[in-house]
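Student: Mind looking over this structure? Questions follow.
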Amino acid sequence: MIDQQVSLRGGAARLPVRPRTGRFLVLAAVFVCAACGLVYELELVALASYLIGDSVTQASVVLSVMVFAMGVGSLLAKRLRCHAAVGFGLIEAALALIGGSSALVLYASFAWLGESRYPVVGFSLAIGVLIGAEIPLLMTLIQRVDRQDAGGAVADLFAADYVGALVGGLAFPFLLLPMLGQLTGALVTGAVNAAAGGALVLWVFRRDLTPRSRRLLFLVNVSVILALATATFLVDDFERAARRAVYGDQVRVAVQTGVQEVVLTGTDRDSLDLYLDGRLRVSARDEHRYHEALVHPAMNGPRARVLVLGGGDGLAAREVLRYADVRSVTVVEIDPAVTRLARTDPALSGLNDHVYRDPRVTVVGADAFTWLRADRHRYDVVVSDLPDPGVTASTKLYSAEFYGLIAEALAPGGRLVVHAGPPVARPQTFWTVEASVRAGGLAARPYRIPARPPAPASGSAAPPGRPGSADGRAPEEWGFLLAAAGPVGEPGLGAGAPVPRSLGEEELREGARAADRLRLPDRAPSTLIHPRYWEDA
């Protein structure tokens, strides 16, 4: 009772170590907990961007909610200052459990419920409240370890906190993600968090705790670490079950590269689907129609040198190589894992007709924007087969500056074709791409192609369209832009063009007329400093 009264009045705690050592151990715990807290924060941002899309919006939601919750947590912690040691131990155990399991729960909600927005906000609130409660309690603890002025104690705490945040922020992309992945990385971080918080309280401040409090903290921390360890042991089984829920039962390849998650489903080339970060990029059921509409109109003219931006699956290059007078094709793909799969996977390499065996094809592993700034070659045709502009990571590849670089890379009479998203479903995005191409110094002609070919006159059923994408919706159409430095006519098939499997010249021309009827006037271009595609997300 006397010890408790001394602690309440701000007296020094009875420590098993010297005050200077105790102060160092408190600051070390601050360092570790801050690193773990930032990993939880970055994990939420990364996973929300992957599962929901639009990383700018997700980062804004997570950070703003978490900062607000930290303020709430700081206020709530005032009630625990009289029991700072046991309060801090319980808070760290709760933070370790919630933060460590956050990625697992978010992915489960996405896989089985199809919704992650509300869990993201909930975890941001909970983690923010617990992080916010740390500093007031640590301030009390460090004052009881080594009496010093409040300003000095605050400076020490925040220095350890900020350095820990730096280490956690760097460890997340460079250590945890590549070595452990998102789910295991979060679970291991939670175990480290629980061990650090529990060790500090149960060792340095054990004499401040009643026997009942010591038993409670020990059991709580051991239970949290065992729960996280069990989840880590079972995480591979969980991932396989979640992937089956998202992608179906025919997942053949699932790899997390340094750029994205790559998933291949289907048993052969006729049933293959390729997903990048959960978004359907290629379906064998309709990819010929998409790639024919993308490539063939741009090949109407000189075509000796062709540049493909994106398209690491090799399918756009396959259509380009159907022209006998093509001398070279350069494919610029940021993720080497995609081109490696396109070379080695039997179904995908069969679908692309083994284009990477062709000596005319050169593969460059680089970011298209950065590579174009350094490249000094000129190309007759540039095919931009990149992810949708609404995906924030691709926004700079749909900017006016990017199209300015392409304009400089075009040879006289050269053409550019851009996959610009569906003009009916996302009209603002589509016409913003068109405005950005024009701002880059090129004239543009839009055209749209339905995902399914027109029904045959005999009344027989049309071929099946692309299956549902990651958000559960099947695309109804694709939109493209054909661009050049000079006037651009209606898209069509030029001399020497191979016969498309499911696309006719009249359908291309009608697609151009249909796109013109949908035109949205006065769209501003998207630039690096003023990206606009999020407005249509």
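Student: Where in the chain are the DSSP H helices whose C-alpha atoms run 24 Å or more along the long axis and whose mean Kyte hydropathy is at least -1.0? Kindly include the intermediate steps, with their values, before the conclusion.
Tutor: Working: long enough: 19-52 (49 Å, 1.50); 55-77 (32 Å, 1.76); 84-108 (35 Å, 1.75); 117-145 (42 Å, 1.34); 150-171 (31 Å, 1.32); 177-199 (28 Å, 1.06); 211-247 (51 Å, 0.56).
TM-like helix candidates: 19-52, 55-77, 84-108, 117-145, 150-171, 177-199, 211-247.
Student: For the chain, what does the helix formula give at 222 nm: sum of -39500 (n - 2.57) over DSSP H segments with n ≥ 4, over the residue count, nearest 500 deg cm²/dmol?
Tutor: -17000 deg cm²/dmol, from helical runs alone.
Student: Another one. Mind listing the Cα extents of the range 295-391 along all three principal axes, in Å, largest one first?
Tutor: 33, 31, 25
Student: Under the classification rounded if a/c is under 1.5, otherwise prolate if a/b is larger than b/c and oblate if not, where does the range 141-269 fall, given a ≥ b ≥ c as square roots of the Cα gyration tensor eigenvalues? Please report the intermediate quantities before stating the final value.
Tutor: Details: a/c = 5.48, a/b = 1.98, b/c = 2.77.
Cα axes put the range 141-269 in the oblate bin.
Student: Right, here's the next one. Find the Rg to Rh ratio for the range 197-300, where Rh is the Kirkwood radius over alpha-carbon pairs and Rg uses the same atoms. Walk me through the numbers before you get to the answer.
Tutor: On the way: Rg = 25.0 Å, Rh = 18.2 Å.
Radius of gyration relative to Kirkwood radius: 1.38.
Student: Explain nothing, just the number: relative contact order of the chain, from Cα pairs under 8 Å at least 6 residues apart, as a whole percent. Please list the in-between numbers first.
Tutor: On the way: 994 pairs, mean separation 71.2, N = 537.
Relative contact order for the chain comes out at 13 percent.
Student: With the calculation restricted to Cα positions, what are the radius of gyration and Dmax of the range 91-135 in angstrom?
Tutor: Spelled out, the Cα radius of gyration and Dmax of the range 91-135 are 11.3, 37 Å.
Student: Please state, as a whole number in µm²/s, the translational diffusion coefficient that the Stokes-Einstein equation yields for the range 60-189 at 10 °C and 1.306 mPa s, with Rh defined as the Kirkwood radius across alpha carbon pairs. Write down the numbers at each step before the final one.
Tutor: On the way: Rh = 16.0 Å.
Stokes-Einstein gives a translational diffusion coefficient of 99 µm²/s.
Student: From Cα pairs below 8 angstrom and at least 6 apart in sequence, can you work out the relative contact order of the range 117-251, rounded to a whole percent? Kindly include the intermediate steps, with their values, before the conclusion.
Tutor: Numbers: 41 pairs, mean separation 26.2, N = 135.
Dividing the mean separation by the residue count of the range 117-251 yields 19 percent.
Student: On alpha carbon coordinates alone, what is the Rg over Rh value for the range 475-537, Rh being the Kirkwood radius? Working shown, then result.
Tutor: On the way: Rg = 15.3 Å, Rh = 14.7 Å.
Reported Rg/Rh, Kirkwood definition of Rh: 1.04.
Student: Here's a follow-up. Report the relative contact order of the range 39-180, percent, no decimals, based on alpha-carbon pairs under 8 angstrom and at least 6 residues apart. It would help to have the intermediate numbers written out before the result.
Tutor: Working: 137 pairs, mean separation 48.4, N = 142.
Relative contact order here is 34 percent.
Student: Please compute the length gained on full extension between R212 and T21, using 0.36 nm multiplied by the number of residues separating them and subtracting their Cα-Cα distance. Each step should come with its number before you reach the end.
Tutor: Details: separation 191, 0.36 × 191 = 68.76 nm, distance 2.63 nm.
Stretched out fully, the R212 to T21 stretch lengthens by 66.1 nm.
Student: Calculated from the structure, semi-axes √(5λ) of the Cα gyration tensor in Å equals which of (1) 35, 28, 21; (2) 56, 23, 19; (3) 41, 32, 20?
Tutor: Matching the structure shown: (2).
Student: Have a look at P446, V326, A227 and report the one farthest towards the positive end of the charge dipole of the chain, computed about the Cα centre with Cβ charges (Lys/Arg +1, Asp/Glu -1).
Tutor: After comparing all options, I get A227.
Student: Starting from the alpha-carbon convex hull of the range 12-124, give the projected area averaged over all orientations, in nm². Provide the component values of the computation, followed by the final result.
Tutor: Values: hull surface 32.3 nm².
Over every viewing direction, the Cα hull of the range 12-124 projects on average to 8.1 nm².
Student: Probe radius 1.4 Å, ligands and nucleic acids ignored: give me the carbon and sulfur share of the accessible area of the range 183-246 as a rounded percent. It would help to have the intermediate numbers written out before the result.
Tutor: Numbers: 2090 of 3170 Å².
Carbon and sulfur: 66 percent of the exposed surface of the range 183-246.
Student: Considering only the other residues whose Cβ falls under 14 Å of the Cβ of A484, what net charge follows from Lys and Arg at +1 and Asp and Glu at -1? The partial results should precede the final answer.
Tutor: Details: positive: R303, R378, R415, R438, R445; negative: D380, E408, E434, E490.
Surrounding charge for A484 is +1.
The values are calculated or read from the model by the stated rules, or taken from the named source; none is laboratory data. These numbers were taken from a predicted model, which means no experiment stands behind them. Cβ atoms come from the backbone with ideal geometry, glycine included; neighbour counts cover every protein chain shown. Only protein heavy atoms, including side chains, enter the accessible area calculation; ligands, DNA and RNA are left aside. Shrake-Rupley method; radii C 1.70, N 1.55, O 1.52, S 1.80 Å.
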